Amino acid sequence: MNVTVRASLIALIAIVGACWAIPVLLVRVVPSDAGMIAMMTLIYLVLPVTAIALGLLAANSARTLFWIPAALGIGSALLFPLAVEGSRDLAFHGVAYTAIGYAAMGLRTWTTARQHR
(Lines give C-alpha, C1' and ligand atoms only; values in the text may rest on other atoms or scores of the structure.)
Protein backbone atom coordinates (compact mmCIF):
# COMPACT_ATOMS: atom_id res chain seq x y z
CA MET A 1 0.00 0.00 0.00
CA ASN A 2 1.27 3.44 -0.96
CA VAL A 3 2.40 5.72 1.88
CA THR A 4 0.01 8.45 0.73
CA VAL A 5 -2.93 6.05 0.64
CA ARG A 6 -2.06 4.66 4.06
CA ALA A 7 -1.76 8.17 5.54
CA SER A 8 -5.08 9.13 3.93
CA LEU A 9 -6.80 6.09 5.46
CA ILE A 10 -5.34 6.84 8.90
CA ALA A 11 -6.54 10.44 8.59
CA LEU A 12 -10.01 9.35 7.51
CA ILE A 13 -10.34 6.94 10.44
CA ALA A 14 -9.09 9.58 12.90
CA ILE A 15 -11.45 12.25 11.56
CA VAL A 16 -14.53 10.04 11.56
CA GLY A 17 -13.64 8.68 14.98
CA ALA A 18 -13.03 12.08 16.54
CA CYS A 19 -15.95 13.86 14.89
CA TRP A 20 -18.64 11.20 14.91
CA ALA A 21 -17.91 8.01 16.81
CA ILE A 22 -16.57 9.61 20.00
CA PRO A 23 -19.49 12.08 20.37
CA VAL A 24 -22.01 9.30 19.73
CA LEU A 25 -20.37 7.10 22.36
CA LEU A 26 -20.23 9.98 24.83
CA VAL A 27 -23.89 10.83 24.37
CA ARG A 28 -24.95 7.21 24.78
CA VAL A 29 -22.53 5.99 27.49
CA VAL A 30 -21.62 8.94 29.73
CA PRO A 31 -24.24 9.81 32.35
CA SER A 32 -25.91 13.17 31.82
CA ASP A 33 -24.24 14.65 34.91
CA ALA A 34 -20.77 14.06 33.44
CA GLY A 35 -21.79 14.68 29.85
CA MET A 36 -20.79 18.32 29.76
CA ILE A 37 -17.31 17.55 31.09
CA ALA A 38 -16.91 14.75 28.56
CA MET A 39 -18.00 16.96 25.65
CA MET A 40 -15.74 19.83 26.73
CA THR A 41 -12.85 17.36 26.91
CA LEU A 42 -13.66 16.29 23.38
CA ILE A 43 -13.94 19.84 22.04
CA TYR A 44 -10.97 21.37 23.83
CA LEU A 45 -8.59 18.41 24.17
CA VAL A 46 -9.30 15.47 21.86
CA LEU A 47 -10.04 17.40 18.67
CA PRO A 48 -7.07 19.82 18.99
CA VAL A 49 -4.73 16.89 19.69
CA THR A 50 -6.20 15.13 16.65
CA ALA A 51 -5.57 18.29 14.59
CA ILE A 52 -1.93 18.35 15.71
CA ALA A 53 -1.47 14.64 14.95
CA LEU A 54 -3.02 14.99 11.50
CA GLY A 55 -0.88 18.06 10.79
CA LEU A 56 2.25 16.10 11.70
CA LEU A 57 1.08 13.18 9.56
CA ALA A 58 0.45 15.51 6.61
CA ALA A 59 3.87 17.15 6.99
CA ASN A 60 5.57 13.91 5.96
CA SER A 61 4.26 14.40 2.44
CA ALA A 62 2.96 17.97 2.33
CA ARG A 63 2.61 18.05 -1.47
CA THR A 64 0.05 15.25 -1.56
CA LEU A 65 -1.44 15.37 1.92
CA PHE A 66 -1.98 19.13 2.25
CA TRP A 67 -5.74 18.57 2.47
CA ILE A 68 -5.72 16.52 5.70
CA PRO A 69 -5.76 19.41 8.24
CA ALA A 70 -8.64 21.03 6.35
CA ALA A 71 -10.50 17.71 6.31
CA LEU A 72 -10.66 17.72 10.11
CA GLY A 73 -12.22 21.19 10.07
CA ILE A 74 -14.71 20.16 7.41
CA GLY A 75 -15.37 16.88 9.19
CA SER A 76 -16.09 18.58 12.48
CA ALA A 77 -18.34 21.13 10.77
CA LEU A 78 -20.33 18.41 8.99
CA LEU A 79 -20.18 15.32 11.21
CA PHE A 80 -20.17 16.73 14.73
CA PRO A 81 -23.62 18.42 14.49
CA LEU A 82 -25.05 15.16 13.15
CA ALA A 83 -23.74 13.23 16.14
CA VAL A 84 -24.84 15.63 18.87
CA GLU A 85 -28.20 17.32 18.50
CA GLY A 86 -28.26 21.07 19.05
CA SER A 87 -24.53 21.62 18.54
CA ARG A 88 -24.55 23.54 15.27
CA ASP A 89 -22.74 26.46 16.89
CA LEU A 90 -19.85 24.13 17.77
CA ALA A 91 -19.29 23.43 14.09
CA PHE A 92 -17.39 26.70 13.84
CA HIS A 93 -14.63 25.19 15.96
CA GLY A 94 -13.62 23.43 12.75
CA VAL A 95 -11.88 26.60 11.59
CA ALA A 96 -9.71 26.56 14.72
CA TYR A 97 -8.92 22.85 14.27
CA THR A 98 -7.88 23.54 10.68
CA ALA A 99 -5.60 26.37 11.79
CA ILE A 100 -4.04 24.18 14.50
CA GLY A 101 -3.45 21.38 11.98
CA TYR A 102 -1.81 23.67 9.44
CA ALA A 103 0.31 25.28 12.16
CA ALA A 104 1.58 21.86 13.24
CA MET A 105 2.20 20.91 9.62
CA GLY A 106 4.10 24.14 8.94
CA LEU A 107 6.14 23.87 12.11
CA ARG A 108 7.11 20.26 11.35
CA THR A 109 8.05 21.14 7.76
CA TRP A 110 10.05 24.16 8.91
CA THR A 111 11.97 22.24 11.60
CA THR A 112 12.71 19.40 9.20
CA ALA A 113 14.03 21.85 6.59
CA ARG A 114 16.23 23.53 9.21
CA GLN A 115 17.70 20.20 10.29
CA HIS A 116 18.68 19.27 6.74
CA ARG A 117 20.61 22.49 6.08
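The values are calculated or read from the model by the stated rules, or taken from the named source; none is laboratory data. Please read all numbers here as calculations on a predicted model, not as lab measurements. We place every Cβ from the backbone using ideal geometry, glycine too, and count neighbours over all the protein chains shown. Remember, those area values only see protein heavy atoms, side chains included, never the ligands or the DNA or RNA. Shrake-Rupley method; radii C 1.70, N 1.55, O 1.52, S 1.80 Å.
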Point to revise | Check on residue 44, at pLDDT 85 or above, of a type in the set (Ser, Thr, Tyr), surrounded by fewer than 18 Cβ atoms within 10 Å (Cβ to Cβ) and part of a helix (DSSP H, G or I) | key: yes
Review point. Yes or no: residue 4 in contact (Cβ under 8 Å) with a residue 40 or more places away in the chain, in contact with a helix residue (DSSP H, G or I) (Cβ under 6 Å, 6 or more places away or on another chain), of a type in the set (Ser, Thr, Tyr) and surrounded by 14 or more Cβ atoms within 10 Å (Cβ to Cβ)?
Key: no
Practice item. Could you please let me know if residue 103 is modelled with pLDDT of 80 or more, among the small types (Gly, Ala, Ser) and over 17 Å from residue 15 (Cβ atoms)? Key: yes
Practice item. Please give the number of the condition residue 78 fails out of (1) assigned to a helix (DSSP H, G or I); (2) open to solvent by 40 Å² or more (accessible area, probe 1.4 Å); (3) closer than 19 Å to residue 40 by Cβ; (4) modelled with pLDDT under 85. Key: (3)
Point to revise | Single unsatisfied condition, residue 54 versus (1) open to solvent by 20 Å² or more (accessible area, probe 1.4 Å); (2) modelled with pLDDT of 85 or more | key: (1)
**Study point:** Members of region 18-29 found to be within 16 Å of the chain's Cα centre (by Cα) and surrounded by 15 or more Cβ atoms within 10 Å (Cβ to Cβ), listed by number
**Key:** 18, 19, 20, 22, 23
Revision key, fill the gap. Selection from region 49-78 of residues in contact with a Ser or Thr (Cβ under 8 Å, 6 or more places away or on another chain), free of Cβ contacts under 8 Å to residues at least 60 places away in the same chain and not aliphatic (A, V, I, L, M) yields 61, 69, 73
Review point. For residue 38, are the conditions met, namely being in contact with a helix residue (DSSP H, G or I) (Cβ under 9 Å, 6 or more places away or on another chain), over 19 Å from residue 101 (Cβ atoms) and small (Gly, Ala, Ser)?
Key: yes
